[in-house]
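Data block below; observations after.
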Amino acid sequence: MLRLETTADATKVTISGDGFKKGKVFLDQTDGAGGGSATVQSDGTFKSGEVSAGKWRAFQTSRGPRANCQGGQAAQDTVNQRLIDSEQTRGTKEGWAQGKKLAQSGACDSEPQPQTPNLQRLAPDAAGKKAAQEVYTNAYNTAFRTAVDRFCP
């Protein structure tokens, strides 16, 4: 397993890992020019010094253990995008279900009532939360109106 830990400098991280063989582990930044190595202890763990934030892989030999991870802004962007994608899916499902239910009960003049996004699973930043809220609300409203249009005369 590979982990990136932030440092006082937001552009830097340290890489740590476990499950490797005692010796040397090589570090390669897959989204930049960074690289290096670290010493694997007898318990299979290692920790690098500060390196540039980004996407990294750690490996020992062509047949040995290898792992990938990302940190810094790249990791935050991934967390934000996962939240946005899940909220868009949730908004579409909930908007359709509520719109269909109200339309079938004859409440064809109902207005959409989007819920608060589900932010408990991930740790998005403020921009990610705002984008997720907007995507959820738009998806919910679109699906709600589509269901009402489909099931109302």
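The values are calculated or read from the model by the stated rules, or taken from the named source; none is laboratory data. Everything quoted here is computed from the prediction, not taken from an experiment. All Cβ positions, glycine included, derive from the backbone under ideal geometry; neighbour counts span all protein chains shown. Just the protein is used for accessible areas: all its heavy atoms, side chains included, with ligands, DNA and RNA removed. Shrake-Rupley method; radii C 1.70, N 1.55, O 1.52, S 1.80 Å.
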- Message: Going through the cross-link list 47/130; 12/130; 24/129, which pairs have a Cα-Cα distance over 29 Å in this structure?
- Response: 47/130; 24/129
- Subtracting the Cα-Cα distance from 0.36 nm times the residue separation, let me have the gained length for residue 78 to residue 24 in nm, one decimal. 16.5 nm
- Task: Can you sort 100, 129 by 1.4 Å-probe accessible area, starting with the largest?
- Result: 129, 100
- Query: Counting only protein heavy atoms, what percent of the accessible surface of the stretch 82-153 is carbon or sulfur at a 1.4 Å probe?
  - Reply: 49 percent
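Suppose accessible area is computed on protein heavy atoms with a 1.4 Å probe; arrange 134, 87, 50 from highest to lowest. Before the final figure, lay out the partial values.
Values: 134 95, 87 0, 50 115 Å².
If we order 134, 87, 50 from most to least accessible, we get 50, 134, 87.
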- Query: Can you work out D for the stretch 1-66 in µm² s⁻¹ from Stokes-Einstein, where Rh is the Kirkwood radius over C-alpha pairs, the temperature is 20 °C and the viscosity is 1.002 mPa s?
  - Reply: 182 µm²/s
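Report the net charge of residues surrounding residue 126, where surrounding means a beta-carbon distance below 14 angstrom and charges are Lys +1, Arg +1, Asp -1, Glu -1.
On the way: positive: 129, 130; negative: 77, 125, 134.
The answer is -1.
Hand me the trypsin sites (Lys or Arg not before Pro) from the stretch 1-36 located in a DSSP loop with no more than 14 other Cβ atoms within 10 Å, in residue order please. Walk me through the numbers before you get to the answer.
Working: sites: 3, 12, 21, 22, 24; in loops: 21, 22.
For trypsin sites (Lys or Arg not before Pro) across the stretch 1-36 that sit outside H, G, I, E and B with at most 14 neighbouring Cβ atoms in 10 Å, the list reads 21, 22.
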